[in-house]
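The values are calculated or read from the model by the stated rules, or taken from the named source; none is laboratory data. These numbers were taken from a predicted model, which means no experiment stands behind them. Cβ sites come from the backbone with ideal geometry, for glycine too, and all protein chains shown count toward neighbours. These area figures cover heavy atoms from the full protein model, side chains too; ligands, DNA and RNA do not enter into them. Shrake-Rupley method; radii C 1.70, N 1.55, O 1.52, S 1.80 Å.
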2 protein chains.
Amino acid sequence: MKRIEVSRATLGRIPIYLKYLNDISELSENISATAIAKELDMGEVQVRKDLAALCGAGKPKIGYKINELISSLEEYLELVRKRAVIVGAGKIGRALYDYGGFEQFGQKICAAFDCAVSVKQESKGGKSIYPMKDFKAFCNENKVEIGIIAVPSEVAQEICDLMINCGIRGIWCFAPCKLNVPENTVVQYENMALSLAYLANSIN
Amino acid sequence: MKRIEVSRATLGRIPIYLKYLNDISELSENISATAIAKELDMGEVQVRKDLAALCGAGKPKIGYKINELISSLEEYLELVRKRAVIVGAGKIGRALYDYGGFEQFGQKICAAFDCAVSVKQESKGGKSIYPMKDFKAFCNENKVEIGIIAVPSEVAQEICDLMINCGIRGIWCFAPCKLNVPENTVVQYENMALSLAYLANSIN
C-alpha cells in the first residue's frame, strides 16, 4: 500500500475515527459515513471524503465493514510512522520525550540526547537520555528519520547539520531561529513564545 | 497608542529587531530599513513594511532613530501583553510554566493551577502551583485574560467553561479536543502529537 497524502485536518481526525470505531466494533459489523458523522458531530461530506481517501469507497446502503475501516486507518498511521529522536533534554525536550500523546498517531520518540549528559541517564518517565557522542551511531542503527531540536538557538544550526549528516530528513525545531537545510529536508518550526504572543494579540 | 493588528510573521520578527537594535544602540544613532534588512538577512520590503506598521515611516536618507525604534517596538509588545495562567501542572503544563522564552515577547505565565494540588506547591523553576479552589479569586484579582489548558481532553471543556466564567477571553488549548466557547472568545489549539505526525507524513 502506497501512502497517499492527506491534509493536516484529515490526519488529525484519524485517531478520533479509530477511537470511535474501536468502541463500537463489538456492537456492530457495518457502519455508514453518515452514521459516523452523526455520532462524532462532524460534517457528513468531510467524513465521506476522509474515509474515501484513507479507506476507499464504502458499499451503497451498507457502508463500511468496521473491522476493515479500523485496519485501513491503522495501516495508514503505520505508513506515516517515522523514528524520531530529540536533541536537548531541557524542560521542553523532556516534556516532549515523556509525553504519551504521540501514540494516538502511532508515533514514538525513541531516544533523547544532550550535550550535558556524559553517561546514559533516565528521564522522569523512565526513558533513556544519551550523551551526544552516541548520536550518530544510534541514528544509523535505528534508521532515524525525524530529529527534534530542543536546544538553545545559538547551537540549533550545528545540531541541525549533524542531524542531516546522520540521514535525518525531517526536523521539528523548537528553537526560535531559522535553519539552513538542503532542499530535500522538511523543517517544521514550533515557536511557543510566538504562539502565546499571537493569541494575546488576537484578543481585543 | 492604539495597538494595530499585525501578522503572526511580523509579530515574530519583533524580538529579532529588538535584539539587533539593542546590540547596536550604543554604536550608532540612526539606522535605515535597508541596513537592518542587510544585517539580519531579511527582505528589504518586509523590513520596511514591518517598521512602517509598528513604528511609522522613517526619514528619507536618515532612516530611523534607533532609540525611537526600540521604544516603539517595546511599546507594541507592552500592548500585546496579557496576563496568562495555566490549568494542569503535568509535564506539558510545567514545561510551559517554567519556559523562559515567553519573555522575548514580554509575555509571562503568572500562575499555574492543578486539581491534584491541595496546598500551594513550587515548580522546578520556583514558581507557585495553586489548588483549583484559588482559581477564580486569582483570575479576578489579577485580571487574567489568557487561560492555558494543559489537562486531559476529558476535563478540558469543564476547565474551559470555568475560565470563561472567570473573565478569560483567550484560550490556548493543549488537550486534543474541540472546545465550545462563546463568540467573543478566541481559542488557539496546539496539538503536539498531530504536529509530529504531520511532519512525519510530509517526508517522502
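Please work out which one of (1) within 9 Å of chain B (Cβ to nearest Cβ); (2) loosely packed, with under 14 Cβ neighbours inside 10 Å; (3) touching a strand residue (DSSP E or B) at 6+ places or on another chain (Cβ under 8 Å) is the condition residue A:184 fails and give its number.
Unmet for residue A:184, out of (1) within 9 Å of chain B (Cβ to nearest Cβ); (2) loosely packed, with under 14 Cβ neighbours inside 10 Å; (3) touching a strand residue (DSSP E or B) at 6+ places or on another chain (Cβ under 8 Å): (3).
Output the helices (runs of 4 or more DSSP H) that fall wholly within the range A:1-56 and possess 1 or more residues being under 17 Å from residue A:106 (Cβ atoms), or say none.
Where helices (runs of 4 or more DSSP H) fall fully within the range A:1-56 and carry at least 1 residues being under 17 Å from residue A:106 (Cβ atoms), they are A:8-24, A:44-55.
Do you know which of the residues in the range B:11-40 that are among the β-branched types (Val, Ile, Thr) and facing chain A (nearest Cβ under 10 Å) is most open to solvent (accessible area, probe 1.4 Å)?
B:16
With the requirement that a residue be assigned to a loop (DSSP other than H, G, I, E, B) and on the phi < 0 side of the Ramachandran plot, what does the range A:160-178 give you?
The answer is A:166, A:168, A:169, A:174, A:175, A:176, A:177, A:178.
Could you list all residues from the range A:113-159 that are open to solvent by 70 Å² or more (accessible area, probe 1.4 Å) and assigned to a helix (DSSP H, G or I)?
A:133, A:136, A:140, A:141, A:154, A:158
Working only within the range A:163-181, note down all residues that are buried (at least 19 other Cβ atoms within 10 Å of the Cβ), of a type in the set (A, V, I, L, M) and out of contact with any helix residue (DSSP H, G or I) (no Cβ under 7 Å at 6 or more places or on another chain).
Within the range A:163-181, A:163 is the sole residue that qualifies.
Look through A:71, A:128, A:118 and report the one residue that is of a type in the set (Ser, Thr, Tyr), under 25 Å from residue B:97 (Cα atoms) and at pLDDT 90 or above.
Going through A:71, A:128, A:118 in turn, the sole match is A:128.
What's the total number of residues in the range B:188-203 that are out of contact with any helix residue (DSSP H, G or I) (no Cβ under 8 Å at 6 or more places or on another chain), within 7 Å of chain A (Cβ to nearest Cβ) and not in a helix (DSSP H, G or I)?
Matching residues across the range B:188-203 total 1.
Quick grid of which residues meet (1) in contact with a Leu (Cβ under 8 Å, 6 or more places away or on another chain); (2) among the hydroxyl-bearing types (Ser, Thr, Tyr); (3) more than 30 Å from residue B:17 (Cα to Cα):
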{"site": "B:106", "(1), (2), (3)": "yes, no, no"}
{"site": "B:111", "(1), (2), (3)": "no, no, no"}
{"site": "B:115", "(1), (2), (3)": "no, no, yes"}
{"site": "B:147", "(1), (2), (3)": "no, no, no"}
{"site": "B:152", "(1), (2), (3)": "no, no, yes"}
{"site": "B:186", "(1), (2), (3)": "yes, no, no"}
{"site": "B:190", "(1), (2), (3)": "no, no, no"}
{"site": "B:198", "(1), (2), (3)": "yes, yes, yes"}
{"site": "B:204", "(1), (2), (3)": "no, no, yes"}
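Out of the residues in the range A:70-92 that are part of a helix (DSSP H, G or I) and more than 9 Å from chain B (Cβ to nearest Cβ), which is farthest from residue A:30 (Cα to Cα)?
Once the filter is applied, the top-ranked residue is A:78.
Would you point out which residue out of A:43, A:88 is open to solvent by less than 50 Å² (accessible area, probe 1.4 Å) and out of contact with any strand residue (DSSP E or B) (no Cβ under 7 Å at 6 or more places or on another chain)?
After ruling out the rest, the residue left standing is A:43.
Select from the range A:93-110 the residues that are more than 7 Å from chain B (Cβ to nearest Cβ), farther than 15 Å from residue A:121 by Cα, of a type outside the set (A, V, I, L, M) and open to solvent by less than 10 Å² (accessible area, probe 1.4 Å) and list them in ascending order.
None; the set is empty.
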